[in-house]
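> Before anything else, here's the structure in question.
The values are calculated or read from the model by the stated rules, or taken from the named source; none is laboratory data. It should be emphasised that the depicted structure is a prediction, and the values quoted were computed from it without experimental measurement. All Cβ positions, even for glycine, are placed from backbone atoms using ideal geometry, and neighbour counts span all protein chains on display.
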Amino acid sequence: MKLFENREKTTQQDPTRSSPTQPLGAAPLLPMRTGRAPTAMWRATRTNCLAIASFFAIAGTGCDSESSTPANASDTTSAQDGADSGAGAAIELLGTWTTNFGSEETIAADKWGPQKIASFDNAANVAYTQNPPDDKYGPNKFSKQVWTEPKANVFYYCTVDYGKDSIDLAKASTLVANDKDLDKAGCGGFGWTKMTKKP
């Protein structure tokens with residue numbers, strides 16, 4: 001009687017096997033896709049990147065963002081952006097005025113006539129204004145206005161520069177007016193505009 005029976009070992013070919021070393025009946029090994037990291041690693045990398053971006057407060061760059069678009073700076077300047085315009089400050093020329101040309105101009109906290117007051121400095125007697133978008137000659141352009149110290153409800157002003165593309169360019173202007181010649185040629189060869197406050 002044979003206690004043991006020698007059997008010839010055979011290797012069965014399983015169609016689901018992708019490698020000769022894969023155990024018989026095991027789930028097929030899928031080839032790794034080239035050109036990208038495994039999903040788990042990619043998620044971890046992305047999470048770390050977002051955490052770093054959040055830590056340095058640079059949201060909008062890196063990770064998922066491809067580019068950033070700067071905001072339009074032409075209309076973002078506050079009317080209280082001058083050396084003398086602290087919290088609650090207002091331009092010292094508030095009111096409705098009659099000009100020496102027979103017209104009226106109203107100066108409000110944020111408007112000089114139809115123009116927006118982008119910045120002002122009462123100590124230096126200067127304001128930077130911006131034309132409205134529908135201005136016929138210079139839509140959205142910036143101007144530099146200077147004025148004399150108001151006395152007895154009267155002051156003079158001169159637009160010393162205009163047509164600037166940004167408030168920075170208007171502030172960089174070196175043009176000045178001559179307040180010793182208010183009536184004839186002190187404002188670019190012309191007289192200054194005289195403003196008399198309406199009662």
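> Suppose we keep only residues that are farther than 12 Å from S143 by Cβ and of a type in the set (F, W, Y) within region 87-119. Which one would you say is surrounded by the fewest Cβ atoms within 10 Å (Cβ to Cβ)?
Of everything passing the filter in region 87-119, F101 is surrounded by the fewest Cβ atoms within 10 Å (Cβ to Cβ).
> Tell me which residues, restricted to region 131-154, are over 20 Å from W97 (Cβ atoms) and touching an Asp or Glu at 6+ places or on another chain (Cβ under 9 Å).
P133, N140, K141, F142
> Where residues in region 120-134 are surrounded by fewer than 23 Cβ atoms within 10 Å (Cβ to Cβ) and closer than 16 Å to A172 by Cβ, which of them is farthest from the chain's Cα centre (by Cα)?
A124
> Same structure, new question: Within region 140-154, work out how many residues are surrounded by fewer than 18 Cβ atoms within 10 Å (Cβ to Cβ) and within 20 Å of G188 (Cα to Cα).
2
> Being of a type in the set (S, T, Y), touching a residue at least 12 places away in the same chain (Cβ under 8 Å) and part of a strand (DSSP E or B) is the requirement here; does S173 meet it?
It is false that S173 is of a type in the set (S, T, Y), touching a residue at least 12 places away in the same chain (Cβ under 8 Å) and part of a strand (DSSP E or B).
> Considering region 168-184 alone, what residues qualify as being of a type outside the set (S, T, N, Q), surrounded by fewer than 12 Cβ atoms within 10 Å (Cβ to Cβ) and under 28 Å from the mean Cα position of the chain (by Cα)?
Within region 168-184, just A172 meets the criteria.
> Going by the conditions given, is Y157 touching a Phe, Trp or Tyr at 6+ places or on another chain (Cβ under 8 Å), under 17 Å from F101 (Cα atoms) and outside any loop (DSSP other than H, G, I, E, B)? Before the answer, list the steps.
Working: touching a Phe, Trp or Tyr at 6+ places or on another chain (Cβ under 8 Å): yes; under 17 Å from F101 (Cα atoms): yes; outside any loop (DSSP other than H, G, I, E, B): yes.
Yes: the conditions hold for Y157.
> So, T129, is that one closer than 14 Å to L94 by Cα and modelled with pLDDT of 95 or more or not?
On the way: closer than 14 Å to L94 by Cα: no; modelled with pLDDT of 95 or more: yes.
No.
> Test Y137 against the criterion of being of a type in the set (F, W, Y) and surrounded by 18 or more Cβ atoms within 10 Å (Cβ to Cβ), and give yes or no.
The answer is no for Y137.
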